[in-house]
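What follows is a set of notes on a single structure, which appears directly below.
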Amino acid sequence: MLYDCIIIGGGIAGLQAAIQLGRYEHDVLVIDKGEGRSTLCKGYHNLLGWPNGISGSKLRELGKNHAESLDVEFLQGEVIQAEKKSEQFHISLKDQKQVYKGKTILLATGILDRMPHFPNLISCLGLSVYVCPDCDGYEVKNKKTIILGSGEVGANMAFTLKQWTDELVYINHEQKQISSNTRKKLDETKVYYIEEPFEEVLETRGMIYGVVLMSGEVIHCERGFIAFGGNDVKSSLASQMGVERQENKHIITDPRTKMTSVKHVWSAGDVNVHSEQVSIAMGEGSQAAIWIHKSLVNNSY
């Protein structure tokens, strides 16, 4: 079968695009690996219509059900190759021989935040530990907050969060060097600085209440932020197809259409430049879908 559009990535951007394209009654296939930011986040708190928050898993469930009601197909798997042959795109999955063919491609592959793998830390994400100050800086208002991070990245997160709380502790887990100016600014802004790894996250029902340092000292808190830098931008498929990316591997798209530098390859969500908001991911998914539809009905593919 030749699909009108193959969407790679079943997170928030991919699902919103699938819904829009389904409403246009196109033949759409969503291929989803089943892991990403939205699978980890236990609560989005800055989204219209959800003042008390909604988990990423619930939002994904609702989005998938909505898209399936519009006859959008879903496939669980990891795409390992994407290439253009004549006027079609051929998509290959890991451990599968079948090749999936599409007229257009939407990359909604997202990013993954770099962080130490502590199960207790993962269970707090979106509930009491956050990664994006634009999304969740408000959640630490007037609360004692620990920044778990590395070097200058963690320090800059502390400076950003000063807008909401004066009770900040920065734990430089990786003990990466910071400049003398940064250290001076931490002191001036009364950010308590610890240059020591932590070995345990203390939490109950997704609510962090402290960390245990390697020395055995317990640092108590009410909220946490992660700031390690070096996030994994999932744009290797874009690179395979010759799509233009920035040095940090984020995909560059046309601001109006969300098409990439390669004709009939679109991109939406966190994998793009300047995204990292659920509402923006939704908007970019819809925006890309509208222009994918235009190209399909105008037979410009």
Alpha carbon convex hull of the chain, projected area averaged over orientations, nm²: 16.5
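Short version: what are the Cα gyration tensor semi-axes of region 136-222, square root of 5 times each eigenvalue, largest first, in whole Å? Show your work: numbers first, answer last.
Details: eigenvalues 77, 58, 19 Å².
They are 20, 17, 10 Å, listed largest first.
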One finds the C-alpha centres of region 1-57 and region 152-187 to be spaced, in Å, by 35
Quantify, in whole percent, the carbon and sulfur part of the accessible surface of region 121-227 (1.4 Å probe; protein heavy atoms only). 45
Dividing the mean separation of Cα pairs under 8 Å (6+ apart) by the residue count of region 226-301 yields a relative contact order in percent of 21
What is the local net charge at TYR193, summed over the other residues whose Cβ is closer than 9 Å to its Cβ (Lys, Arg +1; Asp, Glu -1)? -1
What percentages make up the Cα-Cα pair-distance distribution of region 161-209 when the bins are 5 Å wide from 0? 5, 16, 22, 23, 19, 10, 4, 1
For region 82-194, just the Cα atoms, rotate onto the principal axes and tell me the three extents in Å, largest first. 61, 30, 25
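Skip the ligands, DNA and RNA, and give the accessible area per residue of the chain with a 1.4 Å probe, whole Å².
Solvent-accessible surface per residue comes out at 48 Å².
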Solvent exposure, largest accessible area first (probe 1.4 Å, DNA, RNA and ligands not counted), of ASP254, ASP95: ASP95, ASP254
Of all trypsin sites (Lys or Arg not before Pro) in region 197-262, which ones are in loop regions per DSSP and have a Cβ with at most 15 other Cβ atoms within 10 Å? ARG205, ARG256
Result: in region 121-227 the number of Lys pairs with C-alpha under 18 Å apart, spaced 8 or more or on different chains, is 11
Counting other C-beta atoms within 10 Å, and keeping those with at most 12, which DSSP coil GluC sites (Glu not before Pro) do you find in region 243-288? GLU244, GLU247
How big is the accessible area of SER86 in square angstrom, nearest 10, if you roll a 1.4 angstrom probe over the protein chains? 100
The cysteines in the chain that find no other cysteine Cβ closer than 4.7 Å to their own Cβ are CYS5, CYS41, CYS124, CYS221
In the chain, taking the dipole from +1 charges on Lys and Arg beta carbons and -1 charges on Asp and Glu beta carbons about the Cα centre, the listed residue (THR160, SER150, THR189) farthest towards the positive end is THR160
Accessible surface of region 1-106, 1.4 Å probe, proportion on carbon and sulfur as whole %: 45
Simple spin-label estimate for SER57 and TYR192 in nanometres, 7 Å along Cα-Cβ: 3.3
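The values are calculated or read from the model by the stated rules, or taken from the named source; none is laboratory data. Since the model is a prediction, treat every value here as computed from it, not as a measurement. So basically every Cβ, Gly included, is an ideal-geometry build from the backbone, and we count neighbours across all protein chains shown. Only protein heavy atoms, including side chains, enter the accessible area calculation; ligands, DNA and RNA are left aside. Shrake-Rupley method; radii C 1.70, N 1.55, O 1.52, S 1.80 Å.
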